Amino acid sequence: MILRVKIFFFVAFAFTRLSYSQSGWIQQNSSVKANLYSVEFINSQTGICVGDSGRILRTTNGGVLWNIISSGYMSGLKSIDLVNATTGFIAGDSGLLLKTSNCGINWTNFGFNSHPFDQVFFVNESVGYLVSSSGEYFYKTSNIGNTWDSIYSNYAIKKIFFINETTGWSSGAFISGDAVLKTTNSGTNWATNLYLGNGDKINSVFFLDSLKGWLGSPNSMTGATIFRTTNGGNNWYDFFPFTESYSNSIFFINSLKGWACGTSGRILYSSNGGVNWNHQLTFVPNRNYNSLDFTDSTTGWCVGDSGTILKTTTGGVLTNFSNTAIEIPDKYFLSQNYPNPFNPISNFEFGISELRFVTLKIYDILGNEVATLVNEYKPAGVYNVEWNASDFPSGVYLYKLVVDGNVIDIKRMILLK
């Protein structure tokens, strides 16, 4: 039996929530107000994000619920890298380097100095790199973080991205601005690939392979910009003025599809390798988005200020959405389906006044469940669900709205063929 269900969203939000819904990104409930700086998922269900005040949030159901995990510290946590299904690292202020061996349930501090760590990056299950923004040193491990070797550099290494144990890129600080640096010997030596100058900084670096890479920088000459290379950094091209919104994170799932997030609450999307970019989320004032991660071409998360966690299951592309509600309802309700009687399509409208877990199910006259139309968390708003019952026999059916386990209403309808 094939169940054909088509869902249309009628959602009214405050300004920021409206921006989320219109973009294909849905806000998840983090239960914290701390700024979040880094997110990574090991698969479509299990992920961790970190932020200020030692916050660690962990989910095992794709972000439906985020559990607060104690780090034991109040320092800011800036970067997370999950090495495999059990092992991961977090880098943070005050020399914090946290390690887990049970997929984030418990964390142990392996920090070895008092300098703030800004980023931890593993290229495989053994080899990883650690960046400290203070001084001209960064660190390498070859034994999954048991010991770390300090590597001296002529530059203050900042953001890094490695594609294997030896080849990587970073942003390096100069007096007059940042430059992209490239190494082919594990960071022992660095070559300068792009010099921006004029006080500009590089906020994000991402490489897909040895040739294709992207970086985000607030260029003082052309405005905030995303740069692109197709030859390993020998040449860089300025492709998109970010309209004064800086890119804090760039992620490409393949050579064509990529996303960028940054200041002023913006998320952008490219379907042609970064040649062109389109806005998916535009201008949320005083809101920074700091980190992106995708597990496939449609499913991804973005984290930012004030405990913000966004999720998309459409690659951020808007599908089947219409915003017609004027106000957020002040109570839960379930309307009578229309048309009724119907053959074979009918619509079901319901409203919720705040973020809650919602189920809307259909039963036959004997009380047997025959279809599930909604079974997930929904933000406050008014929703309309369309059901195609062409595969079901004529008769009397019931439909029930349940919010957080509480039955809101049950109504009858007639399918008449």
FRET E, pair PHE110, LYS201, Förster distance 35 Å, beta-carbon r, rounded to 0.05 | 0.75
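Around GLY233, under 13 Å between beta carbons, what's the net of Lys plus Arg minus Asp minus Glu among the other residues?
Working: positive: LYS182, LYS212, ARG228; negative: ASP209.
Once positives and negatives cancel, what remains is +2.
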Per residue solvent-accessible surface (Å²) - the chain, probe of 1.4 Å | 41
Summed over the other residues with a beta carbon less than 11 angstrom from that of LYS361, with K and R at +1 and D and E at -1, the charge totals 0
Toward the positive end of the charge dipole of the chain, about the Cα centre and with charges on Cβ (Lys, Arg +1; Asp, Glu -1), which of LEU82, HIS115, PRO344 goes farthest?
-> PRO344
Quickly estimate the mean residue ellipticity at 222 nm for the chain, helices only: each DSSP H run with n ≥ 4 gives -39500 (n - 2.57), and the total goes over all residues, rounded to 500.
-> -500 deg cm²/dmol
Using +1 at the Cβ of each Lys and Arg and -1 at the Cβ of each Asp and Glu in the chain, identify which of SER186, SER217, GLY258 lies farthest towards the dipole's positive end.
-> GLY258
For ILE69, distant residues with modelled amide H under 5 Å away = ILE56, LEU57, ARG58
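How large is the Kirkwood hydrodynamic radius of region 84-141, counting all unique pairs of alpha carbons, in Å?
Details: mean 1/r = 0.0863 Å⁻¹.
Every distinct Cα pair counted, the radius reaches 11.6 Å.
The values are calculated or read from the model by the stated rules, or taken from the named source; none is laboratory data. For clarity, every value in this text was computed on a predicted model and none was experimentally measured. Here the Cβ is made from the backbone with ideal geometry for all residues, glycine too, and neighbour counts use every protein chain on show. Calculation scope for accessible area: heavy atoms of the full protein, side chains included, ligands and nucleic acids excluded. Shrake-Rupley method; radii C 1.70, N 1.55, O 1.52, S 1.80 Å.
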